[in-house]
Amino acid sequence: MTSQADIHCHLIPYVDDGAQTAQVSEELIDMLCAQGVRTICCTPHLRRGMFETSDETVRMQFEKLKERAEKAGHGDISFFLSREYHADRLLLSALEKGTVIPYGESSNILLEFSNSHPLSDIHWFIRTVLDAGFRPLIAHVERYMQLWKARSLQKS
Ligand SMILES: [Fe+2]
């Protein structure tokens, strides 16, 4: 079986709306492993007013997750930590402070928008992230109705 990578998941317990317990987290890792996933990039939310868990807490829970996975026999999985950065002031603050956590050694970060972001804000945030030296990967782009509407307007 070809090795797979999961680059967007919420496996770390107690940090966002993903896995709510260590047991659920372990079950999800078992499922990913059974599907041939051997690289897992954990991307807990960072979103103002909703998911503000600090990088420090996330890192602590991430280390515990890796320890549990190792004990459960998943020593062959490579784990990485990044965040799912919502386009808001917390992201701008992280860019300013230099605390953004990219995927491994790359400059890639996961960037999330909401349906209330106007197109001009989406463009602005993408430009700002690029100018800060990161490459934004747009999370679940299919959800952004404003992009669909803009696309259909271009076609008509
Ligand atoms: Fe997500």
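Worth a mention:
- Selected residue (only one of Arg135, Arg83, Arg48 is in contact with an Asp or Glu (Cβ under 9 Å, 6 or more places away or on another chain) and more than 14 Å from Ile12 (Cβ to Cβ)): Arg48
- Test: residue in the range 124-137 that is within 16 Å of the ligand (Cβ to nearest atom) and at pLDDT 95 or above: yes
- Top-ranked residue of the range 57-68 - restricted to ones that are surrounded by 18 or more Cβ atoms within 10 Å (Cβ to Cβ) and aliphatic (A, V, I, L, M), ranked as farthest from the ligand (Cβ to nearest atom): Leu65
- Hits in the range 103-121 (condition: surrounded by 18 or more Cβ atoms within 10 Å (Cβ to Cβ) and away from the ligand (no atom under 15 Å from the Cβ)): His117
- Of all the residues in the range 80-93, those that are farther than 12 Å from Leu110 by Cβ and either acidic (Asp, Glu) or outside the structural domain of Ala132 (by TED's automatic domain parsing) (or both) number 1.
Here is a yes/no grid of residues against (1) touching a Phe, Trp or Tyr at 6+ places or on another chain (Cβ under 9 Å); (2) away from the ligand (no atom under 14 Å from the Cβ); (3) at pLDDT below 95:
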site	(1), (2), (3)
Leu28	no, no, no
Thr39	yes, yes, no
Gly49	no, yes, no
Asp55	no, yes, no
Glu70	no, yes, no
Phe80	yes, yes, no
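- Being more than 16 Å from the ligand (Cβ to nearest atom), within 30 Å of His117 (Cα to Cα) and of a type outside the set (Lys, Arg) holds for only one residue in Thr99, Thr43, and it is Thr99.
The values are calculated or read from the model by the stated rules, or taken from the named source; none is laboratory data. Source: prediction; values computed, not measured. Using ideal geometry, Cβ is built from the backbone for each residue, glycine included, and neighbour counts are taken over all protein chains shown.
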